[in-house]
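A short write-up of the structure that comes next.
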Amino acid sequence: MENISFQPPVHELLRKQEGALEFTNQEGLQVLAAFAPIQETGWGVVVSQSMSESYSYVDQIVRVLEWTSVVCLSCALIFGVLLTWRLLSPVASLTEGVRRVSKGELDFQIPVLSRDEIGDLAGTFNEMTGELRRKKEETDLSYRRVLEAQKQLTQSEKMAAVGQMAAGLAHEIYNPLNVISGFGELLLGKTSQGDPRRPPLEDIVRETARCQKLVGNLLDFAKPKEPQKTPSEINPLIQETLALILTLAKSNGIEVEPILSPDLPVLPLDRDQMKQVLLNLLLNACQEMSHGGRLTVESRRTADGVEVLVQDTGRGVPPEHMASLFTPFFTTKADGTGLGLALSHALVKNHGGVLRAENRPGQGAQFTIALPGGRP
């Protein structure tokens, strides 16, 4: 064992008989010495140990503390990043939502990920975009209604102008046509079958009759008769009108299919005028399917009354013609007058209803007569 009694620091420790001290031994090593008294003897013990051994446990604790600090700092950093992401992610979503809504994407919804103030803000934003979407739909609907009303007003103005013109023409032309027709029939009755003058007279009578029919249509369009409405069932009216075109449909190879709903309400109708509307639509459909097809007439009940659908499997209405379909004198037929659909539109309107036309993709055209009212 090393003798340390000669070390001045040890002499001082022995003199005080308490405490601990550090000193350098004979080998130049740092040593820690401590005095421990022996009770009730007056004696004591001096214990020495190298500094490296004395502080090895402290060094371990320091290293543990260092690693603990590193781990705590890393956890704090990760937690800070996660907390920042949790706080900034909803804000970023709100920013993205505002940007997309400003571009008109009103269907965009922000995911609500929490129930705190940020979540409440996201929910309020979604409610705002939903309300904006509903307001936009209402605005679009109002705009379409305004356009439709403007279109109907323009159509009414055109019809009024055409009506005035037609009334004047009818009064000026109808009487001379009656005179020509009367003399033509008189001369035709006095001409034998072999007379070479008979064919021109037949042409005169036939063409005069066609002109009289055209003038009659003009008169009906210019001054339509007030409908004489009586309680009527629409299905028998459809069947009566279909019977008038069955021969024509059969000769053109057209299959007629009525789909009539039972228990339809009784409607206040002018039977003659409504039969004229149906006949115009059915004849147009047959002319469109001159090489065969299917003609479907369907009646069905609606919340407002009754609808009658006339569907064909022809070529349909060209999109560029759809807006002018019910305009007077508009026709695509070489021998057409352009008054059939316009007159039908006016007659349905006088019944408080609507006549609509649309194309069925790949299946031809569909005309819908919507009639209001009625009792079960």
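No lab work stands behind these numbers, since they all come straight from the coordinates. If you're wondering where the values come from, they're calculated on a predicted model, not measured in any experiment. A quick note on method: Cβ atoms are made from the backbone with ideal geometry, for glycine too, and the neighbour counts reach across all protein chains shown.
Using Cβ counts within 10 Å as a stand-in for footprinting exposure, how do Ile234, Ile259 rank, fewest first?
Lowest count first: Ile259, Ile234.
How fast does region 250-311 diffuse by Stokes-Einstein, in µm²/s, taking the Kirkwood radius from C-alpha pairs at 20 °C and 1.002 mPa s?
Once the numbers are plugged in, D ends up at 166 µm²/s.
Extension gain Leu121-Arg210, at 0.36 nm per residue separation less the Cα-Cα distance, in nm?
Fully extending the segment from Leu121 to Arg210 adds 24.6 nm.
Exposure proxy check: Lys349, Lys135 ranked by fewest other beta carbons within 10 Å?
Exposure proxy ranking, most exposed first: Lys135, Lys349.
Mean shadow of region 233-281, computed from the convex hull of its alpha carbons, in nm²?
Taking a quarter of the hull surface, the average projection is 3.6 nm².
Among Val317, Leu269, Ala243, which residue has its Cα positioned farthest towards the positive end of the charge dipole of region 225-372, with +1 placed on the Cβ of Lys and Arg, -1 on the Cβ of Asp and Glu, and the dipole taken about the Cα centre?
The one lying farthest along the dipole's positive direction is Val317.
Could you put Asp270, Asp195 in order, starting from the residue whose Cβ has the fewest other Cβ atoms within 10 Å?
Asp195, Asp270
What are the principal axis extents of the Cα atoms in region 225-372, in Å, biggest first?
Sorted largest first, the three principal extents are 38, 30, 27 Å.
Per 0.36 nm of contour for each residue apart, how much would the distance between Ser69 and Arg197 grow if the chain were fully extended, relative to their Cα-Cα spacing?
Here the segment from Ser69 to Arg197 would lengthen by 33.5 nm.
Rounding to the nearest 20 debye, state how big the charge dipole of region 225-372 is about its Cα centre with +1 on each Lys and Arg Cβ and -1 on each Asp and Glu Cβ.
Rounded to the nearest 20 debye, it is 120 debye.
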